[in-house]
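All of the numbers you see were taken from the coordinates with simple rules; none came from a lab. In this text, all values refer to a predicted model and were calculated from it rather than measured experimentally. Every residue, glycine as well, gets a Cβ built from its backbone with ideal geometry; the counts of neighbours run over all protein chains shown.
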Amino acid sequence: MATIVAALAACHHPAPAPVAPVAPPPAITVDAAVEAAVAPRPPTACEASWAATLRVFAAVAPRTREPGDTDEDRADFNPDTDAESPFRACAAAPGGTWSIELETLTRPEAAGHRVEGQWALVFTGRDGARTAVRPAMVDGAREPNFIDSIGERGRGPHALTAFDYDGDGVSEAVTVAAGREHEGPSEARAQVWTVRDGAIVPYAPSADIDADDAADVDGDGRPDLLTHLGYEALATAPGSGFGYMLVGPLFVAHATPQGGFALDDAVALAEADRRCSPTPASVIVPVEEGRFGVDDQLTAGAIVCARLRGAPAGPMVATIRRACGRSRPGPGPDGEREMACGATEHLLEMARRAPPVRLPPHRP
C-alpha cells in the first residue's frame, strides 16, 4: 500500500487554468417614446362621455322579443348600434370639450318600446374637471328631457356645436333639442351655453332669443340662431282635433363678431327680406283650389311678413275677421258648422303684435 501511495505522490498534476470572469449582461433600456406609445392612456373626454352613456344604457334590460314580432316590434332604442345617435355628439374645442351624455334611463313598460330619462350637456375642462346641465324644452320643466318610443312620442338632443362667441378662449356650446308627438305638435329648441364660475349657464347675449335651430347662414364661421321671433302658438287642427304648432317664417339672429346676436343688422334683415319674398297678394291664403277654407299656416306667414313690412294692424285684423268668419254646414250629422279658419284667434294675435324688426316695403 505504501508503494502505491508513493507512486501517486510522484505523479505530476498540472495547475488548473485560470477561468475568465463572466461579464454581466448589458442593462435593458426602453426608449421613452416607445414606452409612452404602448402605455395605457386615459380616455379622452369624448370617450368618457360615450362610455358613461353605454353604461347607463346597459343597465336597462332590452325589450322582450315575442314570437311574431314585426320589424317595428324588433326595433328598440340602442345608442350603441345607431351610427347617428345624438349621444355620439362631442366637440373638442379651445379651453375644453363639450359632449352629450345619457344620465338616466328607465323602461316604463317592460314589453313596450318606450324608454325615458335624462340627457346632459357636459363640459370637461383642460384640467379634467367635469360639469353638466340638463337642457329642458321649457325652462323649469322637471319631466324627462329624453323620451324614445316608436310612433308615439320622442324628445331629446338633436345637435351640438361649439364656438367661442365671446373670445375668452373657452368655447360656448349650442344645443338643439327636438320633440315630436304622434298626431300632435313637433317642437324644437336651440340654446347657447357657457361656463361661468364652474357651472354651465345660458349665454347671456342669446338668453332672450326663442330659437328653434342653429346654422351658419352667411358662412362667416359663427353659428347663427334661427327663430320665429315669437310668432308661434299651439293650435288645434279642425276636424281631427290634433294639436300643431302655428308659426311664422324662420328668421335669423345673426351672430356678430362682438359676441352678440342681431335681429336687425344687414345680414339678419337681408335674410328676413329673402324669407318674406315673394309677398302674397293677400294675407289670407286659401287652401288648394276647389276646397273650402283658409290655409292657417301660410296665412300666418303672410300676416307676419306683412306686419314686418309695415302693414297696419287695424285693416289686417278686419280682413282676418271677415275671412275667418265664413262657415258652411259641417259633414257630420250633428249640424256643427265648419269654419273657414281653424286658428282665428292666433292669427288675430299675430296681426296685433308689434313687429320686433322692420323690413323695407315690398317692391313687385
How far apart, in nm, are the 7 Å Cα→Cβ label points at Q258 and Q297? 3.8 nm
Summed over the other residues with a beta carbon less than 10 angstrom from that of D216, with K and R at +1 and D and E at -1, the charge totals -2
Given springs between every Cα pair under 10 Å in a Gaussian network model of the chain, which of A51, A233, A59 has the largest fluctuation? A59
Would you mind getting me the FRET efficiency between R41 and E143? Use the beta-carbon distance for r and R0 = 56 Å, nearest 0.05. 0.90
How would you order 245-256, 186-197, 121-132 from highest to lowest mean count of nearby Cβ atoms within 10 Å? 245-256, 186-197, 121-132
When ranked by the protection proxy of mean other Cβ atoms within 10 Å per residue, highest first, what sequence do the peptides 220-228, 302-310, 160-168 form? 302-310, 220-228, 160-168
The simple spin-label model distance between A204 and A318, using points 7 Å out along Cα→Cβ, in nm, is 4.7 nm
Using only the Cα atoms of the chain, each taken as one equal point scatterer with no solvent, compute I(q) by the Debye sum, divide by I(0), and report log10 of the ratio at q = 0.10 Å⁻¹. -0.82
If I take R0 = 45 Å and measure r between the Cβ atoms of D31 and R55 in this structure, what FRET efficiency does the formula 1/(1 + (r/R0)^6) give, to the nearest 0.05? 0.80
Residue with peak Gaussian network fluctuation, the chain [Cα springs, cutoff 10 Å], from P42, P205, P315: P42
Below 8 Å, C-alpha to C-alpha, sequence gap of six or more: please give me the relative contact order for the chain in percent. 8 percent
Name the shape class, rounded, prolate or oblate, that the alpha-carbon gyration tensor gives for the range 41-138, where a ≥ b ≥ c are the square roots of its eigenvalues, rounded holds for a/c under 1.5, and otherwise prolate holds if a/b is larger than b/c and oblate otherwise. prolate
222 nm [θ] for the chain, helices only, -39500 (n - 2.57) per DSSP H run of 4+, per residue, to 500? -6000 deg cm²/dmol
At a Förster distance of 35 Å, what's the computed FRET efficiency of D273 paired with R326, Cβ-Cβ distance as r, to 0.05? 0.60
Mean-square fluctuation check for the chain, GNM, Cα pairs under 10 Å: which of R322, R153, R41 is largest? R41
Please compute the length gained on full extension between E288 and D127, using 0.36 nm multiplied by the number of residues separating them and subtracting their Cα-Cα distance. 51.9 nm
Quick one: net charge around N145, please, counting Lys, Arg +1 and Asp, Glu -1 for every other residue with C-beta under 11 Å from its C-beta. +1
For all pairs of alpha-carbon atoms in the range 218-364, what percent lies in each bin of width 10 Å, listed from the first bin to the last filled one? 11, 37, 30, 15, 6, 1, 0
